[in-house]
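Chemist: Before anything else, here's the structure in question.
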Amino acid sequence: MSKKILITGATGSVGSLTIQSILAKNADVKLRAYVRNPEKAANLKNLGVELAQGDFENQDALNKAAEGMDAVFSLTLANPKAIEEGKAITLAAKNAGVKHIVRNSAIKAAPDAPTENGKMHYAADEDIKASGLTYTIFRPHFFMQNLLFATQTIKEQGAMYWGMGDGKMGLVDVRDLADSYAEVLVNGGHENKIYTLTGPESIDFYTMAKIISESIGKQVNYVAVTPDQVQESLIAMGAGEFAANLYRQYSIAYAAGWGDFTTNDVETVSGHKSRSFKQFVDEVFAPMLK
Ligand SMILES: NC(=O)c1ccc[n+]([C@@H]2O[C@H](COP(=O)([O-])OP(=O)(O)OC[C@H]3O[C@@H](n4cnc5c(N)ncnc54)[C@H](OP(=O)(O)O)[C@@H]3O)[C@@H](O)[C@H]2O)c1
C-alpha cells in the first residue's frame, strides 16, 4: 500500500525541494500538501500532489489534512506565531494517529539561543517530544540559498552586504535538507533523533565572495555592515520588525563564531555527502547571476 505523506510549507523553498526529492525516489508514495493558497500550488498539483487548503490557524482543516497520513512533514515560517503553528501541526498529527512526524527546526534551537527564532523552535520541538509521537527533528544551519537575497546587488554593484563580520559558518544547501527529509519521510528510521544539518566546510563571507567571483568570472566583494544596519535596511525594504530583528540577532551570533562548526548529519541521514558552497554556486547561484 502506498505510504501517505502530508507536507506543510509545501510552497516554500524547503517544502518544494522536499517534494522534489521525495518524487525523485520513485517510491510508492501519495503526497498531500497543506497550502493556504492553492493557486500558488498549481505546479504541485501538476506533479500529482493532492492539495488540502488551510492556514496553520485552522486546526480543523489541519486535522482533516492529517487524516489517513502515515507521516507528516512540519515546517512553519519564522514569525511571531511560529510556536502555536508548530503545535497545531503536531496536534493534527497526533489526532490523526500519524506514525512519524519530521520537523524542520533551526540550528542550535535552545531555551537560551541568541535569537528569538532559536528559542521558538526549541519550544515547538519540545512540544513534539512531549506529544508521544515518533519524531525526527532537524536543526539546519544557515541556508546557502539565503545568498540569493544578494542577487540584485551582486549584479548591479558586484557587492553583497551582510552583517556577519568575519564569522565562519557551516552553511548548508537546502537541497541537502530536502534529501534528508525525503529519506526519513519515505523510508522511516532515525526515530526520536535530532540532527543538525550543515555543509561540509565552515567558511566566512569573504571566502564565499571569492568562490562566487571565481565561478562567475567577475569580482564580487563582501561588504561587512553592522547588525544594526542590517536591521535598518530590512525595515526600509518592508521586511517587518520581527524578521529584521531576527537578522540582526543572527548577524551578531554568526559574527561571534556561533555557527563555526560542521557535522556529518547530512550524510548520516541522506546517504550522500553534503554539497559544498562551490557546488551550490556553480549549480544554483551562478546561473542566476548571468
Ligand atoms: N533561512 C535559514 O537560513 C534557516 C535556517 C534554519 C532554519 N530555518 C527555518 O526554516 C523555516 C523556513 O523555511 P523556508 O525557507 O522553506 O520558508 P519559506 O520559503 O518562507 O516557506 C514557508 C512556507 O510556509 C507556508 N506558510 C507560512 N505561513 C503559513 C500559514 N499561516 N499557514 C499555512 N502555510 C503557511 C508558506 O506558504 P505561502 O507560500 O502561502 O506563503 C510556505 O509554503 C523557518 O522555520 C526557519 O526558522 C531557516
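The values are calculated or read from the model by the stated rules, or taken from the named source; none is laboratory data. Keep in mind that this is a model prediction, so the values were computed, not measured. Every residue, glycine among them, receives a Cβ derived from its backbone with ideal geometry; neighbour counts consider all protein chains shown. Ligands, DNA and RNA are excluded from the accessible area calculation, which covers all protein heavy atoms including side chains. Shrake-Rupley method; radii C 1.70, N 1.55, O 1.52, S 1.80 Å.
Conditions tested, residue by residue: (1) of a type in the set (Asp, Glu); (2) part of a helix (DSSP H, G or I); (3) more than 14 Å from ALA71 (Cβ to Cβ).
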{"site": "ILE5", "(1), (2), (3)": "no, no, no"}
{"site": "THR11", "(1), (2), (3)": "no, no, yes"}
{"site": "VAL14", "(1), (2), (3)": "no, yes, yes"}
{"site": "ALA42", "(1), (2), (3)": "no, yes, yes"}
{"site": "LYS45", "(1), (2), (3)": "no, yes, yes"}
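Chemist: Go through the range 56-95 and give me each residue that's near the ligand (Cβ under 9 Å from one of its atoms), open to solvent by 60 Å² or more (accessible area, probe 1.4 Å) and either more than 19 Å from GLU126 (Cβ to Cβ) or in a helix (DSSP H, G or I) (or both).
Modeler: Passing the criteria: GLU57, ASN58, LEU77.
Chemist: Return the residues of the range 1-29 that are touching a helix residue (DSSP H, G or I) at 6+ places or on another chain (Cβ under 7 Å), under 18 Å from VAL174 (Cβ atoms) and within 14 Å of the ligand (Cβ to nearest atom); say none if nothing qualifies. Full working, then the answer.
Modeler: Filtering the range 1-29 for residues touching a helix residue (DSSP H, G or I) at 6+ places or on another chain (Cβ under 7 Å) gives 3, 5-11, 13-14, 17-22, 25, 27, 29.
Imposing the further condition that a residue be under 18 Å from VAL174 (Cβ atoms) reduces the set to 7-11, 13-14, 17-22, 25.
Scanning the range 1-29 gives ILE7, THR8, GLY9, ALA10, THR11, SER13, VAL14, LEU17, THR18, ILE19, GLN20, SER21.
Chemist: For ILE128, indicate whether it is touching a residue at least 12 places away in the same chain (Cβ under 8 Å) and part of a strand (DSSP E or B).
Modeler: On the way: touching a residue at least 12 places away in the same chain (Cβ under 8 Å): yes; part of a strand (DSSP E or B): no.
Spelling it out, it is not the case that ILE128 is touching a residue at least 12 places away in the same chain (Cβ under 8 Å) and part of a strand (DSSP E or B).
Chemist: Could you tell me whether ALA253 is assigned by TED's automatic domain parsing to the domain that holds MET164, without any contact (Cβ under 8 Å) to a residue 24 or more places away in the chain and under 19 Å from the mean Cα position of the chain (by Cα)?
Modeler: Values: assigned by TED's automatic domain parsing to the domain that holds MET164: yes; without any contact (Cβ under 8 Å) to a residue 24 or more places away in the chain: no; under 19 Å from the mean Cα position of the chain (by Cα): yes.
So ALA253 does not fit the description; no.
Chemist: While we're looking at this one, here's another question. Scan the range 6-13 and tell me whether some residue there is free of Cβ contacts under 8 Å to residues at least 60 places away in the same chain, within 21 Å of ALA243 (Cα to Cα), polar (S, T, N, Q) and surrounded by 15 or more Cβ atoms within 10 Å (Cβ to Cβ). Show your work before the answer.
Modeler: Kept after step one, since they are free of Cβ contacts under 8 Å to residues at least 60 places away in the same chain, are these residues of the range 6-13: 10-11.
Still in the list and also within 21 Å of ALA243 (Cα to Cα): 10-11.
Filter once more, keeping what is polar (S, T, N, Q): 11.
Then drop every residue that is not surrounded by 15 or more Cβ atoms within 10 Å (Cβ to Cβ), which leaves 11.
Scanning the range 6-13 turns up at least one residue that is free of Cβ contacts under 8 Å to residues at least 60 places away in the same chain, within 21 Å of ALA243 (Cα to Cα), polar (S, T, N, Q) and surrounded by 15 or more Cβ atoms within 10 Å (Cβ to Cβ).
Chemist: Here is a follow-up. Answer yes or no: is there a residue in the range 183-193 that is within 16 Å of the ligand (Cβ to nearest atom) and open to solvent by 10 Å² or more (accessible area, probe 1.4 Å). Explain how you work it out, then say what you get.
Modeler: Taking the range 183-193 and keeping what is within 16 Å of the ligand (Cβ to nearest atom), we get 185.
If we keep only those that are open to solvent by 10 Å² or more (accessible area, probe 1.4 Å) as well, we get none.
No: zero hits.
Chemist: Of the conditions (1) open to solvent by 30 Å² or more (accessible area, probe 1.4 Å); (2) under 20 Å from GLY9 (Cβ atoms), ASN117 satisfies every one except a single condition; which number is it?
Modeler: Evaluating ASN117 over (1) open to solvent by 30 Å² or more (accessible area, probe 1.4 Å); (2) under 20 Å from GLY9 (Cβ atoms) leaves (1) as the failure.
Chemist: Being open to solvent by 30 Å² or more (accessible area, probe 1.4 Å) and within 22 Å of THR90 (Cβ to Cβ) is the filter; apply it to the range 30-42 and report the residue that is farthest from the ligand (Cβ to nearest atom). Don't jump to the end; show me each part of the working.
Modeler: The first filter runs over the range 30-42 and keeps only residues open to solvent by 30 Å² or more (accessible area, probe 1.4 Å), leaving 30, 32, 36-40, 42.
Pick out the ones that are also within 22 Å of THR90 (Cβ to Cβ) and you get 30, 32, 36.
Working: LYS30: 19, ARG32: 14, ARG36: 4 Å.
Among those residues, the one meeting the criterion is LYS30.
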